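In what follows, a structure is listed as C-alpha cells, so that the remarks can point back to it.
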Amino acid sequence: MFQRLLFLIILLGGFVMHAGDVPEKTVILSPDRPSGTTLPFTGRIDRLPPGCAGVRVEARLSGPAQSDQTGEVVLQLHLSQRSVPETSGEAEGIHSAPVRLPAGGGRHLLESFAPVDPALPLFLKLERRADDPADTAKAPARLDALLVTPLPAPAPTWTVADGPGYNSWPVIQTLGDKLVCVYSRGKRHLVEEVNRGVCARISADGGRSWSEEILVHNTPDCGDVTIGKGSDADGGLLVWVRCVGEGKWYHELYHCADGRNFTRIAVPELDPMPMQITDIFAVPGRGLMALWFSGRYHDTPDHAWGTLVSADNGRTWKQHTVEANLGKFSWPTEPSAVYLGDGKILAIARSEDCGGTTENAQFQLESSDYGATWTKRRTNITDVYASTPSLILDPESGLLHCYYFQRGRGLLQRRTVRPEKILGRPLHWPEPETIALGSADFHHAGNVNAVAAGRRHFAAFYTGHETATSVVVAVVAVRKDEK
C-alpha cells in the first residue's frame with residue numbers, strides 16, 4: 001500500500017493550494033478559492049511514496065455558465081523532476097499530449113502514466129492551449145482540483161525474439177490452440193536492406209515461451225517486412241510480406257496451417273502500389289478484406305488509401321481506391337479494421353501529423369455499406385506519435401479495444417468502448433489505460449499488433465534502440481466493461 005501524502009503546498013499563479021485529507025493513494029489538490037483558478041498554473045509535490053513508478057494525473061474543472069457551455073478547451077500538462085530546484089536547472093520533462101475537453105467542466109484524464117523517480121520532487125504545469133485548432137470555447141477554463149495518483153509499474157512483457165539485430169514490426173495471430181508471432185529482422189530501421197528477412201516463432205503456453213526461430217522468407221536482393229496478418233475461411237494463418245529492393249516493390253501473401261510451413265499463395269498486381277497492406281478481416285457476403293495505403297511520406301498531394309477484397313480465400317484480390325491525391329497530414333496510414341455487423345466496418349488509422357496540436361490524432365474510418373464507401377474523421381486519441389493502432393472486437397461483450405504504442409513515451413495504451421458510442425462520434429473515445437512499457441526511443445519501439453485468445457489479449461510490439469530491438473508481447477486480461 002502506498003503511503004498517504006499528508007501535506008502539499010502548491011503555488012498556483014500566486015494562489016496557495018493545499019492537499020486535504022488524502023484517501024488511499026490519490027493526492028487531491030484544491031485551490032483556496034471555491035470558484036477555482038484560471039490557467040495556467042504551476043505546482044510541486046515534494047515527496048512521492050516509495051515504490052511509486054509513475055503517476056496518473058486528472059483535472060477537475062469548473063463548468064462555465066450555461067450560456068457559455070459550448071465548444072471545447074484544449075489542455076496540456078507538463079511534468080519534470082529535479083533534485084534541488086534553487087540551484088539546479090530543470091531536467092527535461094514530459095510534455096503530455098494536448099487533451100480535448102468539452103467546455104462544460106467535469107473530471108478529465110490528463111496523463112495515464114508518467115514515469116517518476118519517487119526520491120525527487122515532482123513539478124507540474126497545466127496550461128490551456130488556446131492556439132490549438134480544437135480550442136473553440138470562449139469561456140475560461142477553471143481548475144477546481146488536480147488529482148495525482150501514484151502508480152506501480154505495469155506488468156512486465158514477455159520476450160518473443162531478442163537475437164542480435166533489429167527485430168521489429170511483428171504481427172501475432174492464433175492458430176488452433178497456439179500463438180504465432182511473425183516478425184522481420186535486419187540490422188537497423190531500414191525496410192529495403194537486403195539482409196532483412198521474415199521469421200516466425202510459436203508459443204504453446206500462452207506467450208510465456210517461444211519456439212526456435214523459423215525462417216519464413218528472405219529474398220536475396222530485397223528487404224522483406226511483415227505488414228499484416230489474418231485468418232482465411234478455414235482458420236489458416238495469412239501473412240502479408242512487403243518485398244523492397246533496387247527497382248523492385250511488391251507484396252506477397254503467405255499461408256500457414258501449422259505455424260512452421262509457410263506457402264506463398266498470392267502476389268497481386270496492384271496500382272497504385274501500396275506502401276503497406278494491413279490486417280485481413282472477414283466481411284460476410286464479400287469474403288476477405290484488407291485496407292492499404294500508398295505514398296512516400298513526402299509533403300506532396302500524392303497519397304492514397306483503399307481496400308483489397310478476395311472472394312477466393314486469398315488467392316486473388318480486387319483493389320479499390322477510396323481517397324487519392326491526399327497530402328501527408330490528411331492521409332490515414334497503417335489502419336486496423338473490424339466488421340461490426342449489418343454492413344458496418346470501423347477502422348482506426350495512424351496519423352503522420354506529429355505536430356504539437358490535437359491535429360496529431362488517429363483517424364476513424366467508417367463504412368456502412370460493406371466497404372463500398374467511407375467517411376474519415378479525426379478522433380480525440382491524441383496521445384500518439386506515428387502510432388499504429390490494432391483493434392480487437394470482443395464478440396461476447398461487444399466491446400471494442402484499441403491498442404496503440406505512444407512513441408517517445410514508451411507507453412502501450414488501450415482504449416475500450418462500445419462501438420455504438422463512437423460510430424459517427426469519433427471524439428467520444430474514452431480515456432486510455434497504460435498496460436505495458438517499452439523504449440522511449442521515438443522510432444525504435446512501437447507498431448503494436450494484437451490478437452484475442454480466450455479471455456486474454458496478446459499485444460506484440462518491438463522495443464529497443466537504433467541497432468538492437470526485441471519483439472515482446474504484453475498479456476492483458478480482457479475488460480468486461482468500458483474504461
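The values are calculated or read from the model by the stated rules, or taken from the named source; none is laboratory data. Every value quoted in this text rests on a predicted model; they were computed, and no experiment measured them. As a convention, Cβ positions derive from the backbone with ideal geometry for all residues, glycine included, and neighbour counts pool all protein chains shown. SASA here: full protein model, heavy atoms, side chains in, ligands and nucleic acids out. Shrake-Rupley method; radii C 1.70, N 1.55, O 1.52, S 1.80 Å.
Some notes on this structure:
- Listed by position, the strands (runs of 3 or more DSSP E) enclosed by region 116-219 that each have at least 3 residues that are open to solvent by less than 30 Å² (accessible area, probe 1.4 Å), in contact with a strand residue (DSSP E or B) (Cβ under 9 Å, 6 or more places away or on another chain) and within 30 Å of R100 (Cβ to Cβ) are 122-128, 142-151.
- When the residues of region 420-445 are filtered to those that are within 25 Å of Y339 (Cβ to Cβ) and out of contact with any Lys or Arg (no Cβ under 8 Å at 6 or more places or on another chain), the one that is surrounded by the most Cβ atoms within 10 Å (Cβ to Cβ) is I422.
- Against the test of being open to solvent by 50 Å² or more (accessible area, probe 1.4 Å) and of a type in the set (S, T, N, Q), the options N313, N261 yield a single qualifying residue, N261.
- Cβ pairs under 9 Å, 6+ apart, first in region 357-374 and closer than 18 Å to L288 by Cα and in contact (Cβ under 8 Å) with a residue 24 or more places away in the chain, second of a type in the set (G, A, S) and open to solvent by 60 Å² or more (accessible area, probe 1.4 Å): Y370/G285
- The requirement of being surrounded by fewer than 19 Cβ atoms within 10 Å (Cβ to Cβ), free of Cβ contacts under 8 Å to residues at least 24 places away in the same chain and not β-branched (V, I, T) is satisfied by E269.
- Scan of region 349-359 for residues that are surrounded by 22 or more Cβ atoms within 10 Å (Cβ to Cβ) and touching a Phe, Trp or Tyr at 6+ places or on another chain (Cβ under 7 Å), ordered by number: A349, S351
- Elements of the type strands (runs of 3 or more DSSP E) sitting completely within region 9-102 and holding at least 1 residues that are modelled with pLDDT of 85 or more: these cover 41-45, 54-62, 72-81, 99-102.
- Among the conditions (1) small (G, A, S); (2) at pLDDT 95 or above; (3) within 21 Å of R185 (Cβ to Cβ), the only one that A290 does not satisfy is (3).
- Neighbours by Cβ (under 7 Å, 6+ apart or cross-chain): first from region 321-349, over 24 Å from D394 (Cα atoms); second of a type in the set (S, T, N, Q) and open to solvent by less than 50 Å² (accessible area, probe 1.4 Å): V322/T307
- Yes/no for L393 being under 24 Å from P156 (Cα atoms) and of a type in the set (A, V, I, L, M): no
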